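A short write-up of the structure that comes next.
The values are calculated or read from the model by the stated rules, or taken from the named source; none is laboratory data. Predicted model, so just to flag it, every value in this text is computed and none were measured. Methodologically, a virtual Cβ is constructed for each residue, glycine included, from the backbone with ideal geometry; neighbour enumeration extends over all protein chains shown. The accessibility values were calculated without ligands, DNA or RNA, using every heavy atom of the protein model including side chains. Shrake-Rupley method; radii C 1.70, N 1.55, O 1.52, S 1.80 Å.
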Amino acid sequence: MTSPSSILLYCRRGFEKECAAEILVQTQAAGISGHVRAKENSAYVVFVAHEPEILANRAARLRFDALIFARQRIFASGPLADLPVDDRITPLLDTAAGLQRRYSTLWLETADTNEAKELAAFTRKFERPFAAAAAGLLGGGPQAPRLHVFFLTSTAAYLGYTLPDDSAPWPCGIPRLKLPRSAPSRSTLKLEEAFLVFVDRPETMLRPGMSAVDLGAAPGGWTWQLVRRHIRTTAVDNGNLDPALLDSGLVTHLRTDGFRFRPSRPVDWLVCDMVEQPSRIARLVADWAADGAFRYAVFNLKLPMNRRYEEVERCRGLIEERLAAQGVSHRLRFRQLYHDREEVTGFLELVS
Ligand SMILES: C[S@@+](CC[C@H](N)C(=O)[O-])C[C@H]1O[C@@H](n2cnc3c(N)ncnc32)[C@H](O)[C@@H]1O
């Protein structure tokens, strides 16, 4: 078998620098030396390992969940350039057979840019003959690695694999969510995606009858997601809420300052989408957590234009430091969701 030479990461267009910085930090911590190729606005980044065997041996130390800006992370070979137009299949199959014995499924992908999307017609046409030729390699069962071919052009591609329990479960790392007709804002998709990404035990973590506070709730897209799950919600915002939410009987609207409000009793969920300095939001969440005022929190950090990775790490540090001082066990993660723009979403779970 051949070791993958690279780590291919998909990210939001314009966030290549952040994605590159974090994979360098993560690989360095794991003792994997290499360099990064990141072209501005390409929506992907490649970490090239100087010694592929070391990458293969230490890959398990690189948890996908720990990355913030990567939508997907693939252990890859390539790029395979100059694929012959009359037979792209043979070199791709040879490379796939060298990396893993069997795969569960095949995903043909491109970067999330308008230019790359023009390749979609090509990949759609190529998929069927390629899948037929790869049949012997596919069918490895749901836990087997997924085979990814990431086309840069119709004759150049990276080829690699993801492990189902340590990667994003969607092609291109993008969950295709439909905006529900009755939701009061597009923002609703951010919380829906956050639940998909962070909530690993929905039956216990999102139960009907639970309680929540939504800070910066108007017009109500996040509250809508909570109400949909029959969670009693205190929605805090000076702005107006969609009247249909109030009619649900599950929502109390308070026109007050989200930085001053505190519930009289701990709630199950704190969600927060106020437009404010990230460190101010991080301190607020840390304050609530230090008092045990929630079990789970989802909060959005609007990022400044510069030093975005550093800013998220600073916010992480603020929360970690505070909770360490209080001796509060917890799980803290950040992810730039597909529905996030110049922002990332945090998730904090207090562990009893
Ligand atoms: C991005 S919007 C929230 C959208 C909402 N999550 C949704 O899905 O419809 C930000 C909201 O935060 C509110 N906000 C900003 N600062 C606030 C504060 N200090 N207290 C309460 N609400 C605040 C604004 O009034 C605004 O409605």
Being in contact with an Asp or Glu (Cβ under 7 Å, 6 or more places away or on another chain), open to solvent by 20 Å² or more (accessible area, probe 1.4 Å) and not assigned by TED's automatic domain parsing to the domain that holds Lys17, is that true of even one residue in segment 283-303?
yes
Failed criterion for Cys11 (all others in (1) under 21 Å from Leu99 (Cβ atoms); (2) open to solvent by less than 50 Å² (accessible area, probe 1.4 Å) hold):
(1)
Just for helices (runs of 4 or more DSSP H) wholly inside segment 52-140: which have at least 3 residues that are polar (S, T, N, Q)?
none
Output yes when any residue across segment 250-273 is part of a helix (DSSP H, G or I) and either farther than 17 Å from Lys190 by Cα or more than 11 Å from the ligand (Cβ to nearest atom) (or both), and no when none is.
no
Listed by first then second residue, the pairs whose first member lies in segment 338-351 and is over 12 Å from Ala194 (Cβ atoms), whose partner is part of a loop (DSSP other than H, G, I, E, B) and basic (Lys, Arg), with beta carbons under 9 Å and at least 6 positions apart or on separate chains, are Arg341/Arg12
So if I check each of Ala144, Ala134, Ala121, Ala157, which one is open to solvent by less than 20 Å² (accessible area, probe 1.4 Å) and more than 13 Å from Leu93 (Cα to Cα)?
Ala144
Between Glu310, Glu321, Glu342, which is of a type in the set (Asp, Glu), within 16 Å of the ligand (Cβ to nearest atom) and open to solvent by 70 Å² or more (accessible area, probe 1.4 Å)?
Glu342
Pairs, first open to solvent by less than 10 Å² (accessible area, probe 1.4 Å) and of a type in the set (Ser, Thr, Tyr) in segment 184-196, second more than 7 Å from the ligand (Cβ to nearest atom) and assigned to a helix (DSSP H, G or I), C-beta under 7 Å, six or more apart:
Thr188/Trp224; Thr188/Gln225
Can you give me the ranges of the helices (runs of 4 or more DSSP H) entirely in segment 148-232 with at least 2 residues that are within 16 Å of the ligand (Cβ to nearest atom) and under 18 Å from the mean Cα position of the chain (by Cα)?
188-198
